[in-house]
Every structure is written in C-alpha cells, then in structure tokens.
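Undergrad: Quick one: structure below, then a few questions.
The values are calculated or read from the model by the stated rules, or taken from the named source; none is laboratory data. All figures in this text were calculated on a predicted structure; none of them were measured in a lab. Heads up, the Cβs are rebuilt from the backbone with ideal geometry, glycines too, and the neighbour counts pull from every protein chain shown.
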Amino acid sequence: MSKRVMTPTGGDPAAPAVPPHWNVNLRVEDTDAVAAHAANLGGTVIVAPMDTPGVRSAVLLDPSGAAFSVSLVASGSYPASASPCWP
C-alpha cells in the first residue's frame with residue numbers, strides 16, 4: 001500500500017513542514033463577510049476567501065490561535081447523498 005502526503009505548492013521549499021493537525025470547517029452563507037468580520041474582531045485571515053469547484057472557502061485563526069475554515073457551498077454543487085456533512 002502506498003502512502004500519499006499532500007503538501008502545499010508554490011511555497012518556500014526551505015519553510016518548515018506543516019505539523020500534523022486537524023481542522024474544523026464551518027458552513028457559512030457569505031465567506032467574504034465572515035472572514036472580514038473575524039479580522040475586525042481580532043482574528044487572522046490565513047487563507048483569503050478563494051473559489052474551488054463548488055465551494056468558496058477561507059482559513060482563519062481566532063485571537064487565541066485556533067485555526068478553522070469557513071465555506072460556502074454553491075447551490076446544487078453536490079447531491080445531498082454525496083455530501084452528508086453539508087446539511
């Protein structure tokens with residue numbers, strides 16, 4: 001069995017490796033507004049809102065340093081049976 005590791009691309013190859021971690025992803029109605037509001041409240045936008053197929057998401061840090069993601073799923077992007085975590 002082969003193991004695959006996902007790594008970011010386009011970054012500095014001399015940058016330290018990302019340690020093992022997990023992330024919470026919250027469904028929102030407006031990714032851009034939530035990211036801006038989090039920054040206004042003292043949080044940090046780690047990955048600015050960006051589009052991927054069917055999803056607009058951002059990665060944020062709260063003021064204590066806890067990371068989480070917020071995502072807006074485009075209507076009709078995924079059939080209900082294929083995305084049980086997106087009620």
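Undergrad: List every residue pair whose Cβ atoms lie under 7 Å apart, where the two residues are 6 or more positions apart in sequence or sit on different chains, the first residue falls within region 13-34 and is surrounded by 10 or more Cβ atoms within 10 Å (Cβ to Cβ) and modelled with pLDDT of 90 or more, and the second residue, located anywhere, is of a type in the set (D, E, K, R) and not in a loop (DSSP other than H, G, I, E, B).
TA: Thr31/Arg56
Undergrad: Now for a separate question. Under 8 Å by Cβ, and 6 or more places apart or on different chains, what pairs join a residue from region 36-56 that is without any contact (Cβ under 8 Å) to a residue 40 or more places away in the chain and within 14 Å of Ser71 (Cα to Cα) with one that is basic (Lys, Arg) and surrounded by 14 or more Cβ atoms within 10 Å (Cβ to Cβ)?
TA: That search, which allows pairs on different chains as well, returns Pro49/Arg56; Met50/Arg56.
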